[in-house]
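What follows is one structure encoded as structure tokens, with my remarks underneath.
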Amino acid sequence: MTTTTARTVFLLAHTGRQAAVRSAELVVQGLLRSGIGVRVLAEEAAELTLPPVVELVDAEGDVLDGCELLMVLGGDGTLLRGAEFARASGVPMLGVNLGRVGFLAEAERDDLDKVVDRVVTRDYEVEERMTLDVVVRNNGQIAHHDWALNEASVEKAARERMLEVVTEIDGRPVSRFGGDGVVCATPTGSTAYAFSAGGPVVWPGVEALLMVPISAHALFAKPLVTTPDAVLAVEVQPETPHGVLWCDGRRTVELPAGARVEVRRGAVPVRLARLHHASFTDRLVAKFALPVAGWRGAPH
């Protein structure tokens, strides 16, 4: 796969939103004016008004080959879709939030011009985010491999029935309970599903894994934070209805009764392009609109 320019940026957008379509067209125009080639998925190009110099590719294969950056315009779902491409290629991902919270995004829609300028001048830093490697076993045999940036969640499949599970850490049982399921998350995912399930917010610089029960009917079913090298496991009990495994809310596989899900630190991280040096605390306050009136700070 080749292009006629020395530099190429891959653009991924939620073309189902009119705001994303307009934003994508503005980004393309800005990059092309600066002599940077643009590549987009052919399936998205039909929704965009693009000049003929834009390179169109199919979603199969390494679509980021030769690209220096993946720009993603959309909400958390689109950013997680972009993470699938970014992880496979090792190319950094830069997210522009067009949704609501957008913790994975580095900029907001109003900053588009500045974002393009920073991309043109390569004025950004790259950090690595931990991922999860996920294995499903049935009858002792590996039935499915997957991965996640945010979380791998074992959930009940039938709304009217609880899912009975036993949780395990490093080969030792922790607790058995019935409930809606269990979330195994990275620090990046601590502000996503794990947060909604009552888990702690973990700063992304912390290396750890989280296990968070979902609506558990048990005396002890607390969120747990383990070392990054721990192996987390969730066993679906034989007498319970089947469950489902969701990875980042995008990929799913059925878990028959008796299935076992093992989660460990991923071998391949996702690389994120960062524009700002603001602390995660400030990001947390801004994203959740936390009340901080009355704060005085340390005396100087």
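Here are ALA221, ALA273: which of them is among the aliphatic types (A, V, I, L, M), open to solvent by less than 40 Å² (accessible area, probe 1.4 Å) and part of a strand (DSSP E or B)? Residue meeting the stated conditions: ALA273. Pairs only if they're at least six apart or on different chains, beta carbon under 7 angstrom, first in region 213-236 and on the phi > 0 side of the Ramachandran plot and without any contact (Cβ under 8 Å) to a residue 60 or more places away in the chain, second part of a strand (DSSP E or B) and surrounded by fewer than 20 Cβ atoms within 10 Å (Cβ to Cβ); list them, first residue then second. Cβ pairs passing all conditions: SER215/GLY179. Tell me which residues, restricted to region 199-209, are open to solvent by 40 Å² or more (accessible area, probe 1.4 Å) and either acidic (Asp, Glu) or modelled with pLDDT of 95 or more (or both). The answer is PRO200, VAL201, TRP203, VAL206, GLU207. Of all residues in region 165-178, those that are open to solvent by 50 Å² or more (accessible area, probe 1.4 Å), part of a strand (DSSP E or B) and either small (Gly, Ala, Ser) or out of contact with any Leu (no Cβ under 8 Å at 6 or more places or on another chain) (or both) total 3. Here ALA143, ALA148, ALA152 are screened, and the one residue that is among the small types (Gly, Ala, Ser), touching a strand residue (DSSP E or B) at 6+ places or on another chain (Cβ under 8 Å), open to solvent by less than 10 Å² (accessible area, probe 1.4 Å) and closer than 16 Å to ARG260 by Cα is ALA152. Reported count of residues in region 28-53, each being over 11 Å from VAL120 (Cβ atoms), assigned to a helix (DSSP H, G or I) and not hydrophobic (A, V, I, L, M, F, W, C), is 3.
Being in contact with a Gly (Cβ under 6 Å, 6 or more places away or on another chain) and small (Gly, Ala, Ser) is true for just one of ALA216, ALA208, ALA221. Which residue is that? Just a single option satisfies the conditions, and that option is ALA216. Of the residues making up region 228-255, those that are outside any strand (DSSP E or B) and more than 16 Å from TRP147 (Cβ to Cβ) number 8. Of the residues making up region 85-113, those that are open to solvent by 40 Å² or more (accessible area, probe 1.4 Å) and either without any contact (Cβ under 8 Å) to a residue 12 or more places away in the chain or assigned to a strand (DSSP E or B) (or both) are GLU108, ASP110.
Conditions (1) under 18 Å from PHE280 (Cβ atoms); (2) open to solvent by less than 10 Å² (accessible area, probe 1.4 Å); (3) aliphatic (A, V, I, L, M); (4) touching a strand residue (DSSP E or B) at 6+ places or on another chain (Cβ under 7 Å), marked per residue:
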| site | (1), (2), (3), (4) |
| --- | --- |
| ASP180 | no, no, no, yes |
| ALA185 | yes, yes, yes, yes |
| ALA197 | no, no, yes, yes |
| MET211 | no, yes, yes, yes |
| ILE214 | no, no, yes, yes |
| THR227 | no, no, no, no |
| LEU232 | no, yes, yes, yes |
| GLU235 | no, no, no, yes |
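Among the candidates GLY61, GLY82, the residue that is among the small types (Gly, Ala, Ser) and either open to solvent by less than 10 Å² (accessible area, probe 1.4 Å) or not in a loop (DSSP other than H, G, I, E, B) (or both) is uniquely GLY82.
The values are calculated or read from the model by the stated rules, or taken from the named source; none is laboratory data. Note that the coordinates shown come from a computational prediction; the quantities given were computed from them, not determined experimentally. Cβ sites come from the backbone with ideal geometry, for glycine too, and all protein chains shown count toward neighbours. Surface areas here come from the heavy atoms of the whole protein model, side chains and all, with no ligands, DNA or RNA. Shrake-Rupley method; radii C 1.70, N 1.55, O 1.52, S 1.80 Å.
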